[in-house]
Amino acid sequence: MVEGRYTGTMCLSEPHAGSSLADLTTRAEPDGDAYRLFGNKMWISAGDHELTENIVHLVLARIPGGPPGVRGISLFVVPKHLADGERNDVVTAGLNHKMGYRGTVNALLNFGEGRHTPAAHRARSASWWASPTRGCGTCST
Ligand SMILES: Cc1cc2nc3c(=O)[nH]c(=O)nc-3n(C[C@H](O)[C@H](O)[C@H](O)COP(=O)(O)OP(=O)(O)OC[C@H]3O[C@@H](n4cnc5c(N)ncnc54)[C@H](O)[C@@H]3O)c2cc1C
């Protein structure tokens, strides 16, 4: 990202929960030494494009057994392409067509549809799909 080869997004909003983060439902299931994410994120600025080699999504999600409300939200790093170049399991479900602020796309992203299944996961049952950010296991945002 420092070299400008990747861009990033911040995936907080969901179709049913914009301002109300306590209501977000995207979940992160432990899988091997990483997590698999399942859920939908709405209004994601620069959510998908081909201007850069990769897009790194920072995604808010809940892990099993976490406390309710905002204290149960964790942050995950979810690259569109994994380190070996393979597609991760995040897809663009649609674009939001805006009246203004048209310099960047705005997208609805689906996580965990299963359309892309990284080989590392298939071969070893170990997921590389999402990594929790250091020191943010179940912390509030
Ligand atoms: C151009 C654009 C780009 C965006 N980019 C991103 C992005 O990159 N990533 C991302 O995660 N999200 C993004 N968003 C979403 C944005 O950050 C907000 O979360 C979202 O627009 C607000 O959610 P909502 O539309 O469901 O409105 P709501 O949360 O339903 O709010 C509707 C209205 O109710 C009011 N309201 C809400 N809660 C309360 C309350 N408790 N008390 C009183 N009034 C209240 C609000 O002020 C607002 O007027 C983007 C939105 C836009 C328009």
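No lab work stands behind these numbers, since they all come straight from the coordinates. As the structure is a prediction and not an experimental result, all values here were calculated from the model. Backbone-built Cβ (ideal geometry, glycine too); neighbour counts: all protein chains shown.
Quote the charge dipole size of segment 6-116 about the Cα centre in Debye, to the nearest 20; the model charges only the Cβ of Lys and Arg (+1) and of Asp and Glu (-1).
Working: 10 positive and 12 negative charges, 85 e Å.
Computed charge dipole of segment 6-116: roughly 400 debye.
Once you place label points 7 Å from the Cα toward the Cβ at Arg5 and Thr52, how far apart are they in nm?
1.2 nm
Quick one: which of 22-32, 72-82, 104-114 comes out on top by average Cβ neighbours within 10 Å, and what's the full order, highest first?
Per-residue mean Cβ counts within 10 Å order the peptides as 72-82, 104-114, 22-32.
Whole-Hz ³J(HN,Hα) for each residue in segment 64-70, computed from phi via Karplus 6.51 cos²θ - 1.76 cosθ + 1.60 with θ = phi - 60°, x for glycine and proline: what do you get?
Each residue's phi maps through the Karplus curve to give x, x, x, x, x, x, 6 Hz.
Hey, with R₀ at 22 Å, roughly what FRET efficiency would Ala83 and Glu113 work out to, going by the Cβ-Cβ distance, to 0.05? Mind showing how you got there, number by number?
On the way: r = 21 Å, r/R0 = 0.97.
About 0.55, to the nearest 0.05.
Near the amide H of His57, under 5 Å away, which other amide H atoms are found, from residues 5 or more places off or on another chain, if H is placed in the peptide plane?
Thr9, Val78, Lys80
Roughly how many nanometres apart are two label points built 7 Å out from the Cα toward the Cβ at Thr25 and Tyr101?
The two pseudo-label positions are separated by 2.5 nm.
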